[in-house]
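To keep things clear, I will list the structure first and then write my remarks on it.
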Amino acid sequence: MEQIRPRSTLESARLVGGDLEWQDTQHKTFSKCLTEKYRVNTKLSSRKITPAENLKYDLSDGIRLIQLLVCINHLFFSKTTELIVHVGSNRRGISWAAENVNSALDYIKNQGFPLTNIGAEDIIDGNLKIILGLIWTLILRFTIADINEEGVSAKAGLLLWCQRKTAGYPGVDVIDFTTRCAIINRYRPDLIDYNSLDHSKRKENTAMAMQLAAEHLDIPQLLDVEDLCDVQKPDERSVMTYIAEYFHAFSAMDQHQTAGRRVERFAQMLLSAWEMKTDYEQRLLDCLMDVQNTWHASLFDGTYADAKRQSYEFAEYKKTEKRSWSAEKTDVESLFGNIQVKIKTYGLKPYWPPPGLELGDLETAWKELLAAEANRSKDINGKIREQINLSFADKANEFSLRLGTVTLEITTLEGELEDQLLHMQRVKAGLDPLNNDLLLLEKLEKECISANIEENDYTIYSFDDLAYEFDLAMDSVAKKLAFIENQIVARDMTNLTPAQLEEFESVFRHFDKDHSNVLQSHEFNAALASFGVIHEIDEQERLFNRVSTGTGVVRFEQFIRFMVELTEDQNTPEQVCQSFREAADHKPYITELDLHQAFVPIQLVDYLTQTMPYVETEYGERAYDYTGYILSSCASANGHKFHQS
């Protein structure tokens, strides 16, 4: 049995023959790997335990082998606190070493790794080949084996990860683990300008990548440049160990970015709900301040002219201020309902308005306003000594009550979105018969005017008021239907982020001037222009007809699906043809210069100019027929006729 040598005597672990080169490389790589793991392990670093530097001798007492397991498996042996660090004699030292090594080997076996032809004496005697094989087993199991890419694990998974991350980089064909510049540029383009690299300078590029990875990405340099560039075939185990450090570093970066996006979506959703609540509370407060303490007293000078003047002012108030208040009240009530729908849709905590800012408070103030208006109306009518037409008042009050029922049904709407939609459709159907009642009210009011009855003591409503309220109710129902339908569409659009959906919905609402929940042709084109999508007139008409399916209007769902189609790269023949047309500046052909100006990679420009049909421009220049090329290349393009501007 070979004597255990002190750490100060660092001997070479190289052997003569074919094993010399790979053993030397693996020894260096594994030593650096273990040193890095000792460094980041807080338990060991706090105890100031010096890691192994010569694997042949420094693992022979078993202490650092147990430390290795502590690092790579996040395990802490209670035995590490009992080990004898200083050996009194060779005989007792070997006895302790055997016990320590056997403890480590027993743990490895218990983890399901069969250790064939390896015993404590191999570690104690410094059998470097056996030691390197053992360390590789541990690295493979605890560092590389958990790498998974599309269902492929370990070596194949690591290779596939490299291939996926370097796909599309010119001059990179990953068939082994020898490329790093492309991977670093994929995640940190600020560190490496890949296009400026001289690919003939392999060693310089490799050295730069290793240095940048160590300085900026905290990836230890486990290999030397010579280990990769000065050998015909680099040692696979050493390269896998090094590349695994890249994988884990960038995987952690991906996880942070994914977590950040999730936090962003959640925060945007909360912010949107908060803004709706704040808007509701402020608008309700403003509405309360407007309607309170109005028309509680009326003074007359006793003349008919003064009564007529005040009657005129009161009528003007009802046509102007009160109508704006009524519209705002309806919007606030609808906003509260929308808040409840949004909260339920996203599973947020229920929203209860602060005391004094509930819908009931607004309704109470509104009733007080109506009562004050009624008193005002009676005072005026008493002064001008006119009788009220009871038939008009009864019909008007009944009509108003039915409109109020509609408003109540809108504000108290609950349940699933589909149930709410059905209920609102029934409400809309119930409003249609009121048109006949409104015609009757118009006739009755004309009779009152003919009888010189200027105000009605038994109702606060005029035909104009009820007609306006009816239009308002119809508009409110239409808005509510549109909102519910849009929420159903939004809920089902799982491939959109909340920010995207909010942007598309906001643009749609902005250009839907008549609140019909559909866009006319000019509104649709204006909406696209706000996103920077501008077409020629013929192309605009063709696109509008396609999106509207020939109906003459674009519904919200059609608009959202078109925006999804517009923002997603699906590579349909029509999209490809449109992209060629834009790259060619809307010419029916494309030139090689056009392709370069569109930033198409050089090798792809060469491929396209060799395969596309050749045409000659009116100036005698060489150009290419991209429409014919797409028709002949895409199976799904059969029967397509691409419009050319």
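The values are calculated or read from the model by the stated rules, or taken from the named source; none is laboratory data. Since this is a predicted model, take the numbers as computed values, not measurements. Here the Cβ is made from the backbone with ideal geometry for all residues, glycine too, and neighbour counts use every protein chain on show.
For the reader, a short list of remarks on this structure follows.
- Complete set of residues in the stretch 118-141 that are more than 12 Å from PHE30 (Cα to Cα) and in contact with a Ser or Thr (Cβ under 7 Å, 6 or more places away or on another chain): ILE123, ILE124, GLY126
- Those residues of the stretch 320-353 which are touching a helix residue (DSSP H, G or I) at 6+ places or on another chain (Cβ under 7 Å) and either outside any helix (DSSP H, G or I) or of a type in the set (D, E, K, R) (or both), in sequence order: ARG323, GLU328, LYS329, GLU333, LYS342, TYR346, LEU348, PRO350, TYR351, PRO353
- When residues of the stretch 144-156 are limited to those that are surrounded by fewer than 19 Cβ atoms within 10 Å (Cβ to Cβ) and not charged (D, E, K, R), the one modelled with the highest pLDDT: ALA156
- Considering LEU519, LEU543, LEU604, the condition of being surrounded by fewer than 12 Cβ atoms within 10 Å (Cβ to Cβ), of a type outside the set (Val, Ile, Thr) and not assigned by TED's automatic domain parsing to the domain that holds ILE484 is satisfied by LEU604 alone.
- When we screen ALA207, ALA259, ALA244 for residues that are exposed (fewer than 12 other Cβ atoms within 10 Å of the Cβ) and of a type in the set (Gly, Ala, Ser), the only hit is ALA259.
- Only one of the numbered conditions (1) assigned by TED's automatic domain parsing to the domain that holds ALA156; (2) crowded, with 16+ Cβ neighbours inside 10 Å; (3) not hydrophobic (A, V, I, L, M, F, W, C) is not met by TYR280, and that is (1).
- Note on the stretch 573-612: enclosed helices (runs of 4 or more DSSP H) holding 1 or more residues that are touching a Cys at 6+ places or on another chain (Cβ under 6 Å) are 573-583.
- Exactly one residue out of PHE504, PHE580, PHE508 is of a type outside the set (D, E, K, R), crowded, with 18+ Cβ neighbours inside 10 Å, at pLDDT below 85 and in contact with a strand residue (DSSP E or B) (Cβ under 8 Å, 6 or more places away or on another chain): that is PHE508.
- Taken as a whole, the structure leaves ASN195 outside the set of residues that are in contact with a helix residue (DSSP H, G or I) (Cβ under 7 Å, 6 or more places away or on another chain) and either not hydrophobic (A, V, I, L, M, F, W, C) or not in a helix (DSSP H, G or I) (or both).
- The listed residue being farther than 30 Å from ASP437 by Cβ and either charged (D, E, K, R) or in the same structural domain as ILE343 (by TED's automatic domain parsing) (or both), out of ASP464, ASP514, ASP471, ASP538: ASP538
- Summed over the stretch 123-134, the residues that are part of a helix (DSSP H, G or I) and either surrounded by 18 or more Cβ atoms within 10 Å (Cβ to Cβ) or within 46 Å of the chain's Cα centre (by Cα) (or both) give a count of 7.
- Subset of the stretch 250-264 [modelled with pLDDT under 75 and either in contact with a Leu (Cβ under 9 Å, 6 or more places away or on another chain) or not polar (S, T, N, Q) (or both)]: PHE250, ALA252, MET253, ASP254, HIS256
- Selection from the stretch 622-634 of residues that are surrounded by fewer than 16 Cβ atoms within 10 Å (Cβ to Cβ) and closer than 17 Å to ALA583 by Cα: ARG622, GLY628
- Unmet criterion (only one of (1) hydroxyl-bearing (Ser, Thr, Tyr); (2) modelled with pLDDT of 70 or more; (3) surrounded by 14 or more Cβ atoms within 10 Å (Cβ to Cβ); (4) outside any helix (DSSP H, G or I)) for THR137: (4)
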